[in-house]
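Some notes on the structure that comes next.
What follows draws every value from the coordinates through simple rules; no lab data is involved. Owing to the predicted nature of the structure, the values given are computational and were not obtained by experimental measurement. Counting neighbours? That spans all protein chains shown, and the Cβs are built from the backbone with ideal geometry, glycine included.
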Amino acid sequence: MATTKKSSKLNMKIEWKKVTWYSITIAVILYISIFYLGFCFGEKMTELKMTIKQIPTSTVIKKPTNTTTITAATFNCKDDKIINAIFFDDKVELNLSDGSSLLLLQTISASGARYTNTGESFVFWNKGDTAFLQQGKNSIYEDCVIAKE
């Protein structure tokens with residue numbers, strides 16, 4: 001005689017307001033995911049702010065008005081680069097051999113003269129007959145010496 005097995009259905013009833021191991025697991029996963037997404041979003045915003053700060057803000061030159069020119073100098077730099085500098089009371093206008101121009105304001109320095117744009121993405125240092133220009137952390141005009149006439 002063959003016996004037949006009865007298939008039994010599992011009746012799972014949802015019980016609301018009951019804390020179970022899987023409801024705790026889901027809550028923990030959601031909690032960690034929300035904080036992780038917030039952290040990633042914050043990191044991306046920080047990278048975006050850093051990128052915005054690196055955009056040159058002084059590549060467009062406004063000619064100085066009502067300022068007194070102190071002196072002008074031409075610097076010969078490494079790799080046949082040239083900087084023509086016009087020094088004013090509190091700023092310097094640089095005309096570079098690559099065709100670009102910068103107007104940088106004088107800032108505090110321990111030695112020599114230091115000029116920067118607003119975001120300090122460009123820094124021009126001058127001490128005596130020497131100078132150099134940095135863009136970010138890279139020296140783009142280096143070993144510059146005043147040209148002999």
When Ile86, Ile108, Ile26 are arranged by how many other beta-carbons sit within 10 Å of their Cβ, fewest first, they go Ile108, Ile26, Ile86
Could you tell me which of rounded, prolate or oblate describes the range 69-146, using a ≥ b ≥ c as the square roots of the eigenvalues of the alpha-carbon gyration tensor, with rounded for a/c under 1.5 and, failing that, prolate when a/b is larger than b/c and oblate otherwise? rounded
Extension length gain for Asp90 and Ala27 (0.36 nm per residue less Cα distance), in nm, is 16.7 nm
Do the alpha carbons of any pairs in Lys78/Lys127; Lys91/Lys137; Lys44/Lys81; Lys81/Lys127; Lys44/Lys127; Lys78/Lys137 sit beyond 28 Å of each other, and which pairs? Lys44/Lys81; Lys44/Lys127
Using the number of other C-beta atoms within 10 angstrom as an exposure proxy, rank Leu48, Leu102, Leu96 with the fewest first. Leu48, Leu96, Leu102
At a 10 Å Cβ-Cβ cut-off, how would you order Ile82, Ile29, Ile14, fewest neighbours first? Ile14, Ile29, Ile82
Need the full-extension length gain, Ser97 to Tyr36, defined as separation in residues times 0.36 nm minus the C-alpha distance. One decimal, nm. 17.1 nm
